[in-house]
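Novice: My structure is below; once you've seen it, I'll send some questions.
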Amino acid sequence: MRYLVWKRPISTTRGSVAKMSQLNHVRSLQRGIAILQIINQKNGLKAAEIAAIADIPRPTVYRLLETLEQMRLIVKDQTSDSWRVAIHAKSLSSGFRDEDWVIQTAVPEMVRLGRQVLWPLDLVAFRNSVMEIRESTHNFSPYSLDHGMVGLGLPVLGSSSGRAYLAFSPDDEREHILAGLSVELGVEPPFMTVDGPLEKILEECRDLGVGFRREGFRSGTMSISAPVVFRKRVIACLTMVWIKSALSFESAVASYREPLIEAANRISAQVEKLEYEIEELGD
């Protein structure tokens, strides 16, 4: 893989001090991006290894690593002195291509499914170390206890959407997220939840085909969440919430698991179709 590394020209034309300063800023930016790319690809490198791969002097690498750490884009493993991409770096890829497209395609499906199941639905995406509600039918559901849910951040480990995101993401991405959460939460793995060990919960999620929450941060409710997958990545999760005194977990899974998964799959297909159409327009 090629990395965007600034190479000093053999000869330079004379210019003002301001021009040279601008060029130095550009070079630092390019080198910083190159380092971030390398760490993202290798996931666990020491400074000397990064310097060798990027062909950048070690003092410069140390300085740029410190800057990237201050920006919360990378974290240092204190036991091995290796650097990894931090959870906040994912915000760099949370652009129009993923989240905004899925919102456009998800809303019609959420309205259709909401009319069928009546319980409130949320479209949730990973952002800045939490699962953020991007769209919701809480305002329209006759069974909702909440309103104004859009923008609310849910815990990754304790929400059905967070568990769906972790359970159905590729192994390297899941390990990456958990490593970042470990640093941010100050908790060493193995992780424990109110429902039991996280690894056991994620296995159960894969068996069911959905993330789930029986207990946790929202007392009085339960939820299940189906992943929306695009190019083998979970780009959002479709969640149904219900009042646990009105419906048992087993009954909800039996009645609503399949419709929820089918709706999430249709959203995935629509995102892929929209991507194809955009690419066709660009040709």
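Novice: Would you call ASP207 in contact (Cβ under 8 Å) with a residue 60 or more places away in the chain, surrounded by fewer than 19 Cβ atoms within 10 Å (Cβ to Cβ), assigned by TED's automatic domain parsing to the domain that holds ARG231 and within 20 Å of PRO227 (Cα to Cα)? Working first, answer last.
Specialist: Values: in contact (Cβ under 8 Å) with a residue 60 or more places away in the chain: no; surrounded by fewer than 19 Cβ atoms within 10 Å (Cβ to Cβ): yes; assigned by TED's automatic domain parsing to the domain that holds ARG231: yes; within 20 Å of PRO227 (Cα to Cα): yes.
So ASP207 does not fit the description; no.
Novice: So, one more: Just need a number here: residues in segment 200-214 that are farther than 22 Å from ALA263 by Cα and among the aromatic types (Phe, Trp, Tyr).
Specialist: So the count comes out to 0.
Novice: While we're here: Being over 18 Å from SER223 (Cα atoms), of a type in the set (A, V, I, L, M) and in a helix (DSSP H, G or I) is the filter here; which residues of segment 181-206 pass it?
Specialist: LEU181, VAL183, LEU185
Novice: Does segment 248-270 contain any residue that is modelled with pLDDT of 95 or more and not in a helix (DSSP H, G or I)?
Specialist: Looking for residues that are modelled with pLDDT of 95 or more and not in a helix (DSSP H, G or I), one finds at least one in segment 248-270, hence yes.
Novice: Pick from segment 117-151 the residues that are in a loop (DSSP other than H, G, I, E, B) and of a type in the set (Phe, Trp, Tyr): which of them is modelled with the lowest pLDDT? Give the derivation first.
Specialist: First, the residues of segment 117-151 that are in a loop (DSSP other than H, G, I, E, B): 118-120, 128-129, 137-151.
Still in the list and also of a type in the set (Phe, Trp, Tyr): 119, 140, 143.
Details: TRP119: 96, PHE140: 85, TYR143: 89.
Per the stated criteria, the residue is PHE140.
Novice: Let me ask something else about it. Can you name every residue in segment 142-191 that is surrounded by fewer than 15 Cβ atoms within 10 Å (Cβ to Cβ) and basic (Lys, Arg)?
Specialist: none
Novice: Of the residues ILE39, ILE35, which single one is among the β-branched types (Val, Ile, Thr), out of contact with any Asp or Glu (no Cβ under 9 Å at 6 or more places or on another chain), at pLDDT below 90 and in a helix (DSSP H, G or I)?
Specialist: Details: ILE35 fails: at pLDDT below 90.
That would be ILE39, the only listed residue that is among the β-branched types (Val, Ile, Thr), out of contact with any Asp or Glu (no Cβ under 9 Å at 6 or more places or on another chain), at pLDDT below 90 and in a helix (DSSP H, G or I).
Novice: Considering only residues that are surrounded by 15 or more Cβ atoms within 10 Å (Cβ to Cβ), over 21 Å from the mean Cα position of the chain (by Cα) and charged (D, E, K, R), which ones fall in segment 229-276?
Specialist: The answer is LYS244, ARG257.
The values are calculated or read from the model by the stated rules, or taken from the named source; none is laboratory data. As the structure is a computational prediction, the values presented were derived from the model and not from experiment. Cβ sites come from the backbone with ideal geometry, for glycine too, and all protein chains shown count toward neighbours.
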